[in-house]
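Only one structure is covered here, and it is reproduced in the block below.
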Amino acid sequence: MSKLTTFVTRGNIIESIHGVKCVVQNFNYKIIFTTGHELDLVYPRSAIKIFQAIPFIQSEAHKKYKLSKKEIAISCASHCGEKQHMIVLHNWIKKIKINNNSLKCGIHNPLNLDSSNKLLSSGKKPNQLHNNCAGKHLGMISGCLSNEMDIKNYLDFNHPYQKLIRNSLENITKYKITKKQVGIDGCSAPQYAFPLQNLSTSMVNLIKNYIGNEDFSTSIKLLLDSILKYPQLIGGSKKFDSELMRITKGKIFSKGGAEGVLLFAHKEKKIGGV
């Protein structure tokens, strides 16, 4: 068992100290690094978007609406509202013939400061597509449409599409979700808490699916291929996840979530962690 600590400095003074919880597993699910918090529950938030997108691919909405790998990538993104992101999102919403108000993710200014300033200086207001989770919601809506499900209440806990997402999450994490672990994410979608060890397991299963050894191999391979081909769409310019995947040329998958959560997998070393 190891201890990880992050120090934040200002000038020559340590301003704050943050403890870190971490679990890393190898390809055989053996824990090779831990801070001793394997059973601690955490909401992974946006870090699990790739798994929330599995039913979207399984619905074959990407085929029905002729969606590109750019649109598939941004379904797993926490985009920062740059021009490159908005082009993809506008194209997607046109293909499925819905309006912005169909997205229930809410509205906020672009996370990228330059993009936010340009939008405000132009006199325009942000819309649902500027929300960093817009791609995830378009994926959910596209999946519903392809499955002939109602999109009006697509975020309801008992909506059949949300049940598909829960099934995917339970399969990939090897953990049964209970109502005690249910919360609401910042974008109004259902969110679920998992033990750190099971989140680490999900990253190992991501690699196993990618090389075709597990249940969701086709969907996972398409999602991960799309992400690694267009890492800049996952976050944006100078965003950690995008830069790490770009610099390592796809050897490492990385996706962060709110409150300091990060899931990662190294394809060559065949390890996964949180």
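The values are calculated or read from the model by the stated rules, or taken from the named source; none is laboratory data. Just so we're clear, the structure is a prediction, and the values are computed from it rather than from any experiment. No Cβ is skipped: glycine too gets one built from the backbone with ideal geometry, and neighbour counts run over all protein chains shown.
Quick notes
- Restricting region 107-126 to residues that are assigned to a loop (DSSP other than H, G, I, E, B) and surrounded by fewer than 16 Cβ atoms within 10 Å (Cβ to Cβ), the residue that is nearest to the chain's Cα centre (by Cα): 107
- Selection count where residues are surrounded by fewer than 19 Cβ atoms within 10 Å (Cβ to Cβ) and either within 16 Å of the chain's Cα centre (by Cα) or not β-branched (Val, Ile, Thr) (or both), scope region 156-188: 18
- Residue that is nearest to residue 131 (Cα to Cα) [pool: residues in region 56-86 that are polar (S, T, N, Q) and surrounded by 20 or more Cβ atoms within 10 Å (Cβ to Cβ)]: 78
- Put simply, of 60, 38, 71, 15 the only residue that is of a type outside the set (A, V, I, L, M) and under 17 Å from residue 195 (Cα atoms) is 38.
- Residue list for region 226-274, filter: surrounded by 18 or more Cβ atoms within 10 Å (Cβ to Cβ), touching a Pro at 6+ places or on another chain (Cβ under 6 Å) and either farther than 16 Å from residue 51 by Cβ or among the small types (Gly, Ala, Ser) (or both): 242, 245, 257
- Residue count, region 30-66 (criterion: out of contact with any helix residue (DSSP H, G or I) (no Cβ under 6 Å at 6 or more places or on another chain) and among the aromatic types (Phe, Trp, Tyr)): 2
- Filtered by the rule that a residue be in a loop (DSSP other than H, G, I, E, B) and without any contact (Cβ under 8 Å) to a residue 40 or more places away in the chain, region 127-158 gives 127, 148, 149, 150, 152, 153, 156, 157, 158.
- Checked against the criteria, residue 101 counts as surrounded by fewer than 17 Cβ atoms within 10 Å (Cβ to Cβ) and either out of contact with any Lys or Arg (no Cβ under 9 Å at 6 or more places or on another chain) or without any contact (Cβ under 8 Å) to a residue 60 or more places away in the chain (or both).
- Each residue in region 55-86 was checked for being in a loop (DSSP other than H, G, I, E, B) and in contact (Cβ under 8 Å) with a residue 40 or more places away in the chain, and 12 pass.
- Residue 194 vs. criteria closer than 30 Å to residue 63 by Cβ and touching a residue at least 24 places away in the same chain (Cβ under 8 Å): no
- Of residues in region 87-98 being outside any loop (DSSP other than H, G, I, E, B) and loosely packed, with under 15 Cβ neighbours inside 10 Å, the one farthest from the chain's Cα centre (by Cα): 94
- Being farther than 21 Å from residue 88 by Cα, hydrophobic (A, V, I, L, M, F, W, C), out of contact with any Ser or Thr (no Cβ under 6 Å at 6 or more places or on another chain) and assigned to a helix (DSSP H, G or I) is a property that residue 172 lacks.
- Close pairs from region 20-40: first on the phi > 0 side of the Ramachandran plot, partner among the hydrophobic types (A, V, I, L, M, F, W, C), Cβ under 8 Å, at least 6 apart: 29/204; 36/1
- Among residues of region 1-12 that are at negative phi, those with a Cβ under 7 angstrom from a residue that is among the aliphatic types (A, V, I, L, M) and part of a strand (DSSP E or B), sequence gap 6+ or separate chain, pair up as 4/20; 5/17; 5/20; 6/20; 7/14; 7/17.
- Residue that is surrounded by the most Cβ atoms within 10 Å (Cβ to Cβ) [pool: residues in region 1-47 that are of a type in the set (S, T, N, Q), outside any strand (DSSP E or B) and at pLDDT 95 or above]: 46
- Residue match in region 201-219 (condition: among the aliphatic types (A, V, I, L, M) and closer than 30 Å to residue 114 by Cβ): no
- Filtered residues of region 145-179 (kept if of a type in the set (A, V, I, L, M) and closer than 16 Å to residue 189 by Cβ): 149, 151, 155, 164, 165, 169, 177
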